[in-house]
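Beneath this line is the structure, given in structure tokens, with notes to follow.
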Amino acid sequence: MSKVIVAIDGPAGSGKSSVSKQVAREFGFAYLDTGAAYRALAWATLNGLSFERLAANDFETDFEYSISTDPDNFWVRVGEHDVTEAIRTSLISETVSSVAALSHVRDFMKRLTKKIVDECPYDGAIVEGRDITTVVFPDAQSRLLLTASEEVRLQRRSKELSADSASAVVNQVSKRDETDSKIVDFMNAAVGVTLIDSSNLDFDQTVSVMIAQIKADLKASAQ
């Protein structure tokens, strides 16, 4: 492995995106939100790329995806369209699980993630998602599962999606967690993956705990 890889998994509302981005800043590493690619593909199916073609595994040539790995300048594009904000809507959240359920899509995303990390201009990368520690980078130097209680996660998600009603957020997050957990287990730490529960930690405390664990993992991997 030519770069230092830190793999971070976790359910919605665990804080993995904001925490991972800050951890990337602290280490001077790239930051990669792998869920953005699934969301961007869901956006594409609602804007010209038919789900039938997606299901038939006839989508790769028309899915022109790009993403920033700079934690201080984050953007997501599909072709010429900046979809950074568009992929965070409730409609995309309701659609993305159907996209992620397709095995050939997950295979494509695995290849895409590795390509993005390999080509990014950093010595290391903080890569976060739902199957990064077990499927995409099972040999990463540091593998972490960031979680929190369901109550805390729903509170955090409600704040992120302030335009949605509280009940809609609860239903959306719970339904997506239930659907996605049938595909990949992102609620329980696999062997060799460190579980970090942020239920009783604020943002800065979570970042500090993550950084300490990553440093310990990197030191151990170098021995």
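The values are calculated or read from the model by the stated rules, or taken from the named source; none is laboratory data. Computed from a predicted model, the values in this text were never measured in an experiment. With ideal geometry, Cβ positions are generated from the backbone for all residues, glycine too; neighbour counts draw on all protein chains shown.
For segment 117-132, the tally of residues that are buried (at least 21 other Cβ atoms within 10 Å of the Cβ), of a type in the set (Asp, Glu) and either farther than 24 Å from Met210 by Cα or touching a strand residue (DSSP E or B) at 6+ places or on another chain (Cβ under 6 Å) (or both) stands at 1. Within segment 1-29, being among the small types (Gly, Ala, Ser), surrounded by fewer than 24 Cβ atoms within 10 Å (Cβ to Cβ) and modelled with pLDDT of 95 or more holds for one residue alone: Gly28. The single condition among (1) at positive phi; (2) surrounded by fewer than 22 Cβ atoms within 10 Å (Cβ to Cβ) that Arg53 does not satisfy is (1). Determine which member of the set Leu32, Leu54 is hydrophobic (A, V, I, L, M, F, W, C) and farther than 17 Å from Asp131 by Cα. None of the others qualify; the one that does is Leu54.
Listed by first and then second residue, the pairs with beta-carbon distance under 8 Å, at least 6 apart or on different chains, first residue in segment 191-211 and closer than 17 Å to Ser18 by Cα, second part of a helix (DSSP H, G or I) and modelled with pLDDT under 95, are Ser198/Val152; Ser199/Val152; Phe203/Ser18. Scanning segment 95-116 for residues that are surrounded by 15 or more Cβ atoms within 10 Å (Cβ to Cβ) and over 12 Å from Tyr38 (Cα atoms) yields a total of 1. Tell me yes or no: at least one residue of segment 135-142 is crowded, with 22+ Cβ neighbours inside 10 Å and more than 24 Å from Ile196 (Cβ to Cβ). The answer is no, given that none of the residues of segment 135-142 is crowded, with 22+ Cβ neighbours inside 10 Å and more than 24 Å from Ile196 (Cβ to Cβ).
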